[in-house]
Structures are given as C-alpha cells and as structure tokens.
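To keep things clear, I will list the structure first and then write my remarks on it.
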C-alpha cells in the first residue's frame, strides 16, 4: 500500500504546468574593445594625485555602498545617500562635509571612530575630483539631507 507521500510523488509530475518558450531570441550586440589593463591603471594613477588615491580606496570601501557616485553597481538603482561630488563639497564647504562624515545623521552613521583627520581629508580630496556630470545615467539619488550640525568642540 502506498503512503500519502508516495501518492504525492507519483502525481506531482502530472500536475506540472508547461512554461511557454520565450517569444524570440534577441541578438545581443557585442562590442570588443582592445585595451591593456596595466596602461589604464597607470593612466588612472597619474590622473589622481597622492591625496585622491587613498581617498578613492576609502570611499569604495566605506561610502560607495550607499553613495556610489561612479556606478559600481551592475544594476542602476537609486542610491541610499545623496549624490556626492565636487559641487556638493563646494556648496557645503569642506568643514561641513568633514563634520557630516564625523557625526553622521539619522540616516548615516558617523565615522569619528573609524577615520582620523587625515583619512577624512583624503576622502574629501577624492570627492573634489568627481565631476557633477559623472553621475551614471538612470541612477537617481536619495533626497539630499541637510548638512550635519557643527561639532560641539
């Protein structure tokens, strides 16, 4: 005699619904570009000064998850934090940006225990190299949050 689970296993293939095939394959256009990655790395290192290179690395490791101004995500998506670039640093001032990085806000953690003054200066130096028109197409930003209050020092 078959148990209930055996009957389910015997009848399961009969209950499957066939899935229709896709309408028609779209041919993808593949463009091959020859380049030397070492040459590109050298050009990038020459383009960035000494202060920007470590700032770029810090930004990628700590800030890009939420701010992602250079489109590291494979899928265009809204950023969790505001768009960061040279225009924002100029508009708010380096002191306000520094205080915001240190103290954070309701939507952003403060980094006063992770970054010393030199690391924050490196991040700000890197942000000053990001042009406002470098924003990836199709990526929207979260609403801009007002500047953080000045530190009580």
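At-a-glance table
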| quantity | calculated |
| --- | --- |
| Considering residues of region 80-98 that are assigned to a loop (DSSP other than H, G, I, E, B) and in contact with a helix residue (DSSP H, G or I) (Cβ under 6 Å, 6 or more places away or on another chain) only, the residue farthest from residue 62 (Cα to Cα) | 85 |
| Residue 94 vs. criteria modelled with pLDDT under 85, surrounded by fewer than 17 Cβ atoms within 10 Å (Cβ to Cβ) and on the phi < 0 side of the Ramachandran plot | no |
| Residues satisfying the stated conditions in region 26-54, i.e. assigned to a loop (DSSP other than H, G, I, E, B) and either more than 25 Å from the chain's Cα centre (by Cα) or at pLDDT 70 or above (or both) | 26, 27, 28, 29, 30, 31, 32, 33, 34, 35, 36 |
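One line per residue, one yes/no per condition, for (1) crowded, with 17+ Cβ neighbours inside 10 Å; (2) in a helix (DSSP H, G or I); (3) more than 17 Å from the chain's Cα centre (by Cα); (4) at pLDDT below 85:
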residue	(1), (2), (3), (4)
57	no, yes, no, no
69	yes, no, no, yes
100	yes, yes, yes, no
108	yes, no, no, no
112	no, no, yes, no
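The values are calculated or read from the model by the stated rules, or taken from the named source; none is laboratory data. Since this is a predicted model, take the numbers as computed values, not measurements. Every residue, glycine among them, receives a Cβ derived from its backbone with ideal geometry; neighbour counts consider all protein chains shown.
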